[in-house]
Amino acid sequence: MLEGYRISGRRAAEIAASVESAVGSGGLEPGQLLPPMRELAVELGVNPNTVAAAYRILRERGVIETAGRRGSRVRPKPATTGREYVRVDVPEGVRDVASGNPDPALLPPLAEAFAVAAEQGDREPVLYGEEPVEPELARRARADLDAGGVPDGPLAVTSGSLDAIERVLAAHLKPGDTVAVEDPGWGSLLDLVPALGLRTAPVGVDDDGPLTDDVRRVLEAGARALIVTDRAQNPTGAAIGAARARALRAVLREHPEALLIDDDHGHGIVDLPLHTLAGATRSWAFVRSVAKAYGPDLRLAVLTGDAVTVDRVQGRHRLGPGWVSRITQRAVVKLWADGAVDARVVAAAYGRRRDALIGALAERGVAAYGRSGLNVWIPVPDETGAVARLLHAGWAVAPGARFRMSAPPGIRVAVSTLAADETAALADEIASAVAPAPIRGYV
């Protein structure tokens, strides 16, 4: 059944490790059927309960899935075959427009903010048992959330958006539950969900965000949670508009038990208004990171939500890292107080770069999308070929496979550092590397 690979181990942890190692190395392929528990127990000379425990460990880790009498299989996209491997190594001399980082020139200097925060820490040391959230950070964050129409709720601070999303999912869901995710969507999130032992259900996206009919379909099919990106969606640049928000909220009200996670990581780099879905269901969370506007290394996101969700996240957080450094929180407060980032200026800079590339591609008959944020998404008929031809021409772009499940092929171009005098040359190379795509949409 395993075509030569032999599972080994005497204890449940050893058997699980043997299977997981084989999946990571390619010895067991996605979709491959594992031996029945009793059969494997006989082969290994162990109690069937030991094998059952091993398979349970593997299910909880998102490595395998079990379908009753049809047996257990390696998950089609297990956590150990992450999308992080779907990337382009950028050789020396090749222009990198694949990484998706913000433009360092648009990030504020951090030295003074951290010096002020450290001096305050010397005067008022933060010790065990103190409040995990800096009071002034909570006050300023809450005022900003109120201005954006985010419902009232307690605040927590996490180490970035992905950390917040993981903690919220873990607070509500169990292995085997289904999570609706955007497709194309954030590659790290598409890795995280199966790593938690959860199933993914793709939801199509257009310029206005998740498609209403797709959201309705997956929720009616039993999805327990929905994760949406408000603005600057990665990789497409989608931003939820007012009409789409109303339609999505109407669908969510029909499924009040669904968990909603609203990610606004684009705050501070976009000039489009926020149309949040937060509060449309009983269990909800709204996440706002400082990474894109103030620097990825700050590792700080503000989380709000219903009282139960935030309490569960804070309780579990206390048992792990405890809190996000109050020095870091105070530094962020200083940056906010000083107006270190002018969102209008930053959004305009990224907007000019997106619009220039999209316009140049349109002139060459190539459809491209990027309503907000750092990226432009380009549908292509042959993703691998397009990436390879562009690399040969001196441009490294991100393959769409990093960001999609069932969505058609595409490539992502990060325009964050794209200079005006590079746009035409890049558009020429993209046009020659891909067959023109009809201007319809990217779903």
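The numbers here are math on the coordinates, done by the rules we state, and not lab data. If you're wondering where the values come from, they're calculated on a predicted model, not measured in any experiment. Note: ideal-geometry Cβ built from the backbone for every residue, glycine included; neighbour counts use all protein chains shown.
Annotations
- Estimated 222 nm signal from helices in the chain, with DSSP H stretches of n ≥ 4 weighted -39500 (n - 2.57), rounded to 500: -12500 deg cm²/dmol
- Ranked for footprinting exposure by Cβ neighbours inside 10 Å, fewest first, 275, 265 give 275, 265.
- Counting neighbouring Cβ atoms within 10 Å and putting the fewest first, the residues 73, 402, 246 line up as 246, 73, 402.
- Computed label-point distance, nm, for sites residue 131 and residue 318 using a 7 Å Cα→Cβ extension: 1.5 nm
- Unit charges at the beta carbon, dipole of the range 111-338: most positive-side option, 186, 170, 113: 170
- Alpha carbon centroid spacing (whole Å) that separates the range 122-137 from the range 241-312: 26 Å
- Ranked list, fewest to most other Cβ atoms within 10 Å of each Cβ, for 190, 127, 391: 127, 391, 190
- The range 5-57 and the range 144-176: distance between their alpha carbon centers, rounded to Å: 36 Å
- The label point for residue 14 and the one for residue 118, both projected 7 Å from the Cα toward the Cβ, are 5.0 nm apart.
- Neighbour cut-off at most 16 other Cβ (10 Å), DSSP loop, GluC sites (Glu not before Pro), the range 101-150: 130
- Candidates per trypsin sites (Lys or Arg not before Pro) in the range 1-54, loop by DSSP, up to 14 other Cβ within 10 Å: 6, 10, 11
- Spin-label pair residue 343-residue 307: with each label point 7 Å from Cα along the Cα-Cβ axis, the two points sit 2.9 nm from one another.
- Linear extension gain, residue 146 paired with residue 271, 0.36 nm per residue minus alpha-carbon span: 43.3 nm
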